[in-house]
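Notes follow once the structure below has been shown.
Readers should treat all values here as calculations from the given coordinates under stated rules, not as data from a laboratory. These numbers were taken from a predicted model, which means no experiment stands behind them. All Cβ positions, even for glycine, are placed from backbone atoms using ideal geometry, and neighbour counts span all protein chains on display.
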Amino acid sequence: MPRGEHRKGETPQPKSRGLVALGGGPVTAARAGVVHLVGAGPGDPELLTLKALRLLQSADVVVHDRLTPEAILVLARPDARLIDVGKRKSRHTLPQDDINALLIALAQEGLQVVRLKGGDPFVFGRGGEELQALRAAGIETHIVPGVTAALAAAAGAGAPLTHRGLAQAVTFVTGHAAMTPEGEAGEPDLDWLVLSRPNHTVVVYMGLTTAAPLAARLVAAGRSASTPVLIVENASRSEERRVLTTLGDLPQATAGLDGPALLVIGEVAALADVNPLIASAADAERRLA
């Protein structure tokens, strides 16, 4: 079966195996289990760090999210067990407590575990929760940072998140909101006055479904409806799409987008290359002058 399409959701059984050391032959001595919380980056395998690649190639088990692309999973050791703990259409996301318990159980079997998380583990990745649970269980745990989606999306589009004369600060927020008692999506609980300040870039993760209330709240707090907004769907991947719009038109601009997307809100968004809407960053700067 193809890599990433098998053994999903199952806990591996203890298994004795030799490892190939980086500088020599098989290592057969008993080992204590260890978990590495590894940032997989936004999706482009070439944006993996060298350390992330090395750990993937030596791990016994890779516990990964749904959005981890096959191009990254195939970099794992050929006999590594792959466990998908992400959301599928047929089931809900595995509860975080269950993921924590799975990581602990695997490490207690003496396995070398890579917990592969999109972007960076500590930027809206719940890596902190997993780290706390693992440490409380006495599991040796290491963190490997990754390129977070905001940086990849901005760099790919040529839109600096800070830029002299346009933005002296940047804030990352989540557009995800808790469900209401009626089972409907609520609004994000954010400091709208702070986010509406001038010369300030706001990057919204998971903001597609709450784009309308986000835009309305920012405008009500004083941000101009003409503020540029860059939408980047599937940042760094071959299917990446970019849309340049304004805060006032944001709800309509998100129609038809359903992949993982970020919203870059602020004057710097107009510097993005989203051909054919803008010919170049220099052209965008002239428009802002």
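The figures follow:
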read-out: Equivalent ellipsoid dimensions for region 19-147 as semi-axes, Å, which come from the Cα gyration tensor, largest first; value: 21, 18, 14
read-out: Under 5 Å, built H, 5+ apart or other chain: amide partners of A169; value: T201
read-out: Estimated distance in nm for a label pair at E70 and T162, the labels positioned 7 Å out from Cα along Cα-to-Cβ; value: 4.1 nm
read-out: Packing-based exposure ordering (other Cβ within 10 Å, fewest first) of H64, H176; value: H176, H64
read-out: J(HN,Hα) series, region 141-146, from Karplus relation 6.51 cos²θ - 1.76 cosθ + 1.60, nearest Hz, glycine and proline x; value: 9, 10, 10, 10, x, x
read-out: Vicinal HN-Hα couplings computed from phi for region 60-69 (Karplus, 6.51 cos²θ - 1.76 cosθ + 1.60; Hz; Gly/Pro x); value: 6, 9, 10, 9, 10, 8, 4, 7, 5, x
read-out: Inter-probe distance in nm under a simple model that places probes 7 Å from Cα toward Cβ, at H176 and S224; value: 3.4 nm
read-out: 13 Å beta-carbon shell around L193, net charge (K/R +1, D/E -1); value: +2
read-out: Calculated FRET efficiency for the pair Q132/Q252, C-beta based, R₀ 35 Å, to 0.05; value: 0.25
read-out: Local electrostatic count at L37 - Lys and Arg +1, Asp and Glu -1, tallied over other residues with Cβ under 14 Å; value: 0
